[in-house]
There are 2 protein chains.
Amino acid sequence: MATQLSQFIDVYKAELETKLQTIITTIAAPDILIQAMDYSLQAGGKRIRPMLLFATMSAFRKNPLMGMEAAAALEMIHTYSLVHDDLPSMDDDDLRRGKPTNHKVFGEATAILAGDALLTHAFKVIAQSKEYSNEQKVWLIDWLSQAAGPAGMVGGQMADMEGEHKQLTLEELEYIHKHKTGQLLEFSVMAGAFLSGATEAQLQHFQTYAKHIGLAFQIQDDILDVEGLEEKIGKRVGSDVNKHKSTYPSLLTLSGAKEKLQEHLSQALEAIEKTNTDAELLKKLAHLIADRDQ
Amino acid sequence: MATQLSQFIDVYKAELETKLQTIITTIAAPDILIQAMDYSLQAGGKRIRPMLLFATMSAFRKNPLMGMEAAAALEMIHTYSLVHDDLPSMDDDDLRRGKPTNHKVFGEATAILAGDALLTHAFKVIAQSKEYSNEQKVWLIDWLSQAAGPAGMVGGQMADMEGEHKQLTLEELEYIHKHKTGQLLEFSVMAGAFLSGATEAQLQHFQTYAKHIGLAFQIQDDILDVEGLEEKIGKRVGSDVNKHKSTYPSLLTLSGAKEKLQEHLSQALEAIEKTNTDAELLKKLAHLIADRDQ
């Protein structure tokens, strides 16, 4: 990872984590609910979505901190989705990023409520922002609820659950990923571009970039499930195979999946060139996503 | 129930249900998710929250249909909360309004996702409305996310779960109800008043009215759990006692609870007088809530 990106991530990850902490600890709610929300928000991870948002703003030479509230809302929604997806009736995962999952620590009922609370409060964070105009807030909420809702992330998770124990086509697998993870990644980039005053044409190129890194991200996820190191990825290697999930390697072979990953990376880099912005960090983020080992 | 209110409810309940149907069936999402969302939305009930919103608008002699999108969002959020509350790890209810609960029909995973989808899409319904200005949308989303979130409904449900199998004080019981059901009822009335251009003083009187009918509603709920008819209330009579839940009758005796109910009804009616609006329907709704047998 290049130093410039590494420094950028260090700085803005810390800023984001401070902001999330402030948001959560100032909510007047039962202690245990706050703790459960905080536990999963702190469990951290790479914060790829906020970083994409910040890096997009920096491509326009804007101050990334102006995107903080959108980034925080985004990370809260991503986090809620992990908490609910890990539940026993869903993916039934005990570990997430190497730590016990929310319901393992707080119990199922509290995990469901913590997820509901993170989702709901994300919209409040945007609605009460002092940074954005009403027009910007409505744009952000409209897109975020689209990306996270039944026609986006929740629909993708539903399709994923339905697809378990079935042999999927590549088309069905892409439907799942475009919805389950793709749309929120697209929102990350588009929100950064929108808040920076991007033109309609620029927005479209950013969206294309995000679509391709979204798919690259997912393919790499599947590859890591085959060849990753358990201590690095923080969950059991081979867990997809054990659940009889269709994956890119299972549909395309491992080398076919790697080839597909490179294609998406190239298309992402091509799209970003067309934005005519100072997008060095976004290019490096694309490489980081495609080459990551965790 | 007076004829005027009865007609009003018939007309606007039908309008609301048509709107909800349109909203749900036009979402591009997996069929099973749409079915699960639709199932619980159609399970209906009294639609008290939308009716409060519509009746408040009519107190200002505004067209209630201008509040339709806020009312639909409100009902979607109320419905999601019922779907999640009924889950095995929460209240574990098999019946809701006399019909099998969502997870009994669709399974737990789908019920969780249908709830998540209803919650998320509710914000989209407001954000994409053609009826409201951006300022109105932000106001609605800010209040709705407050009322439904960790400092509101979700926090109330958390406190309710924590309070099971414990002897609560009246204060603790009121905390639960003010949050679990009260805030969303307050939002119903305040949204109607806000969309009608209420003054700050009027908003406060409407809020006071809503606070008291919220508590009256809950006390009557507890009373019905003791003396209601199973086929009318659509769940098992005595289910609170069986779950060792603290209730108004258990804390105040049955006659004490009935007295408290009348106090809240009087205070609601007093507050509504102060709004200086044509609030005949809201008064009748208050009586309906306090005297209902289901």
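Results, tabulated for the structure shown:
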read-out: Within a Gaussian network of chain A (alpha carbon springs, distance under 10 Å), most fluctuating of A:94, A:31, A:160; value: A:31
read-out: Whole-number percent relative contact order across chain B, with pairs defined as alpha carbons under 8 Å at least 6 apart; value: 21 percent
read-out: Kirkwood Rh (inverse of mean 1/r, distinct Cα pairs), region A:55-118, angstrom; value: 13.1 Å
read-out: Dipole magnitude (debye, nearest 20) for chain A, charges at Cβ of Lys, Arg, Asp, Glu; value: 600 debye
read-out: Residues with amide H under 5 Å from that of residue A:95, placed H, sequence gap 5 or more; value: A:101
read-out: Cleavage-rule hits (chymotrypsin sites (Phe, Trp or Tyr not before Pro)) in region B:92-144: DSSP loop, at most 16 neighbouring Cβ within 10 angstrom; value: none
read-out: Links that overshoot a 22 Å alpha carbon limit, given the list A:211/A:283; A:178/A:260; B:46/B:284; B:137/B:284; A:62/A:137; value: B:137/B:284
read-out: Other protein chain Cβ atoms within 10 Å, averaged over every residue that makes up A:160-173; value: 1
read-out: Full-stretch length increase - residue A:207, residue A:97 - with 0.36 nm per residue and alpha-carbon distance subtracted; value: 36.8 nm
read-out: Residue among B:170, B:146, A:159 farthest towards the positive dipole end of the protein assembly as shown, charges placed on Cβ; value: B:146
read-out: Chain lengthening between residue A:273 and residue A:18 when straightened (0.36 nm per residue, less Cα-Cα); value: 88.5 nm
read-out: Computed E for residue A:291/residue A:199 - FRET, C-beta separation, R0 35 angstrom, nearest 0.05; value: 0.65
read-out: Region A:184-210 and region B:17-87: distance between their alpha carbon centers, rounded to Å; value: 32 Å
read-out: Cα extents of the protein assembly as shown along the three principal axes, largest first (Å); value: 73, 46, 39
read-out: DSSP-loop trypsin sites (Lys or Arg not before Pro) across region B:41-114, with at most 15 other Cβ within 10 angstrom; value: B:46, B:61, B:97
read-out: ³J(HN,Hα) computed for each position of region B:182-192 - Karplus, 6.51 cos²θ - 1.76 cosθ + 1.60, integer Hz, glycine/proline x; value: x, 5, 6, 5, 4, 4, 3, 6, 5, 5, x
read-out: Debye, to nearest 20: dipole size of region B:31-93, +1 on Lys, Arg Cβ, -1 on Asp, Glu Cβ; value: 680 debye
read-out: Distance histogram in 5 Å bins (all Cα pairs of chain A, percent per bin); value: 1, 6, 12, 16, 19, 19, 14, 9, 4, 1, 0
read-out: Full-extension gain in nm, residue A:46 to residue A:164, via 0.36 nm per residue minus C-alpha separation; value: 39.8 nm
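Read the figures in this text as sums done on the coordinates, not as results from a lab. Model, not experiment: these values are computed from the prediction. As a convention, Cβ positions derive from the backbone with ideal geometry for all residues, glycine included, and neighbour counts pool all protein chains shown.
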